[in-house]
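Quick notes on the structure that follows.
The values are calculated or read from the model by the stated rules, or taken from the named source; none is laboratory data. Here the structure is a predicted model, which is why all the values come from computation and not from measurement. For neighbour counting, all protein chains shown are included, and Cβ atoms are generated from backbone atoms with ideal geometry for every residue, glycine included. Heads up: the accessible areas ignore ligands, DNA and RNA and are worked out on the full protein's heavy atoms, side chains in. Shrake-Rupley method; radii C 1.70, N 1.55, O 1.52, S 1.80 Å.
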Amino acid sequence: MPALASVLNSGFGPAAWPLPPSDRQAVSRTMSDLATEYDSLPGREAHDTALTTELLRHLLAALLLRIARLPHPGDHDPTAGGETFRAFQRELEASFAVNRNAHDYAARIGYSSRTLTRACLAATGRTAKELIDLRVALEAKRLLAHTRLPVAAIGRMLGFTEPTNFGKYFTRATGHTPGEFRAAQHRA
């Protein structure tokens, strides 16, 4: 569904959108329907399971369409950066764990650093380096929140040779140490 591209294809979008009061009931109802259908899957027969799976796909699409309709914070247009920005997004997704240098990304995709930064600013309002740092921080947050891997192992997975360098990087990017972030996630 092309309308969902803004929700599904951007690792640079917000982690959450504010939900206006006028949309809360509809989103809540859609999520409740999804949960009900999902919970009913184990007791169904094969034919019924196929139909329920299809229903789940449609309910999820409805939820994603509702999210796509919400006002987007920052209100930047990811198509504004053109092919330069799209090439950067692809390269960043492939290499963020091993490369945090904006100049290297520009060279890999065949543009100057200045052209890459202009494309990133047009698409997101952020520089290429800021987007690289945000992507690395996002992956670190995901790993800290959803795994039990030691902080040092997460740092190594993200290309940091020293745990202290990862800790400083994460703290600068998020305002919290990795341990503080993980503890807050487990309290929530």
Apportionment of accessible area to carbon and sulfur, the chain, percent (1.4 Å): 56 percent
Heavy-atom surface of the chain, accessible at 1.4 Å and reported per residue (Å²): 61 Å²
Charge dipole (debye, nearest 20) of the chain; +1 at Cβ of Lys and Arg, -1 at Cβ of Asp and Glu: 660 debye
Packing rank of 47-57, 134-144, where each peptide gets the mean count of other beta carbons within 10 Å, highest leading: 134-144, 47-57
Calculated [θ] (222 nm, deg cm²/dmol) that DSSP helices of n ≥ 4 give over the chain, each run adding -39,500 (n - 2.57): -22000 deg cm²/dmol
Between helix 21-40 and the chain: long-axis angle, C-alpha atoms, 0 to 90°, nearest 10: 70 degrees
Whole-Hz couplings from phi, Karplus 6.51/-1.76/1.60, listed for the stretch 100-109; x for Gly and Pro: 10, 10, 4, 4, 4, 4, 4, 5, 4, 9
Once the Cα gyration tensor of the chain is diagonalised, semi-axes √(5λ) in Å: 33, 24, 16
